[in-house]
Amino acid sequence: MLQDQHRKVAVTNTPLVAIVDDDETVCEAIKEFIETAGLSARAFASAEAFLDSDFVDRVSCLVADVQMPGLDGLQLHRKLVDAGHNIPVIFITAFPNDAVRTRALQAGAICLLKKPFDPAVLLEGIRSAVEGSERRPEP
């Protein structure tokens, strides 16, 4: 019984990474990679699905596609910030350009990665975001 209680504590203390991308293959591949690295991950097919979930308050890092139908990644980030959710974000895109990069970085993104990206670079960004979120005081 004590071991089960300890296991529950360990699971709830594991940083949670949300992946929001309308490309199911990309979403699932990133989710599996993150879980292989020892973190918890949840995949969402749209910004709206993420916002409607019960996970928003529990996320330590958000990986979001810039270009998606409905709310795009930058709009999602803006909605989160406006609602008081200070979640570190890593943007990913198949169509990078200087304007998008500038907007993403000005919005406070950890980084903007071009698809296909080096998974090690993504993991480095996630670990940086998670470590930073663990040090941030709660609002």
For this session: Have a look at Ser53, Ser40, Ser128 and tell me which one the Gaussian network model of the chain (Cα, springs below 10 Å) gives the largest fluctuation.
Result: Ser53
Exercise. How much net charge surrounds Ala64 when only other residues with a Cβ under 9 Å from its Cβ are counted (Lys, Arg +1; Asp, Glu -1)?
Worked result: -3
For this session: Go through Ala47, Ala37, Ile126 and say which Cα lies farthest out towards the positive end of the charge dipole of the stretch 10-139; charges sit on Cβ, +1 for Lys and Arg, -1 for Asp and Glu.
Result: Ile126
For this session: In nm, give the distance between the simple-model label positions of Thr25 and Ala94, each being 7 Å from the Cα along the Cα-to-Cβ direction.
Result: 0.9
For this session: May I ask for the net charge around Pro119, where only other residues with Cβ less than 15 Å from the Cβ of Pro119 are counted and Lys, Arg are +1 while Asp, Glu are -1?
Result: -2
For this session: Once you have a ≥ b ≥ c as the square roots of the Cα gyration tensor eigenvalues for the stretch 36-139, tell me rounded if a/c is under 1.5, and otherwise prolate or oblate according to whether a/b is larger than b/c.
Result: rounded
Seminar exercise, completed: If one compares the long axis through the Cα atoms of helix 73-82 with the longest principal axis of the Cα atoms of the chain, the angle in degrees, nearest 10, works out at 60
For this session: Calculate for the chain the 222 nm mean residue ellipticity that helices alone would give, adding -39,500 (n - 2.57) per DSSP H run of length 4 or more and normalising by residue count, nearest 500 deg cm²/dmol.
Result: -14500 deg cm²/dmol
Seminar exercise, completed: Counting sequence-distant residues (5 or more places) and residues on other chains, those with an amide H built under 5 Å from that of Cys111 are Phe91
Problem set entry | Computed label-point distance, nm, for sites Thr14 and Val56 using a 7 Å Cα→Cβ extension | 2.5
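Read-outs throughout are calculated quantities, based only on the coordinates presented, and are distinct from any laboratory measurement. Not measured: the values here are computed from a predicted model. Positions of Cβ are generated from backbone atoms using ideal geometry, with glycine treated the same way; all protein chains shown enter the neighbour counts.
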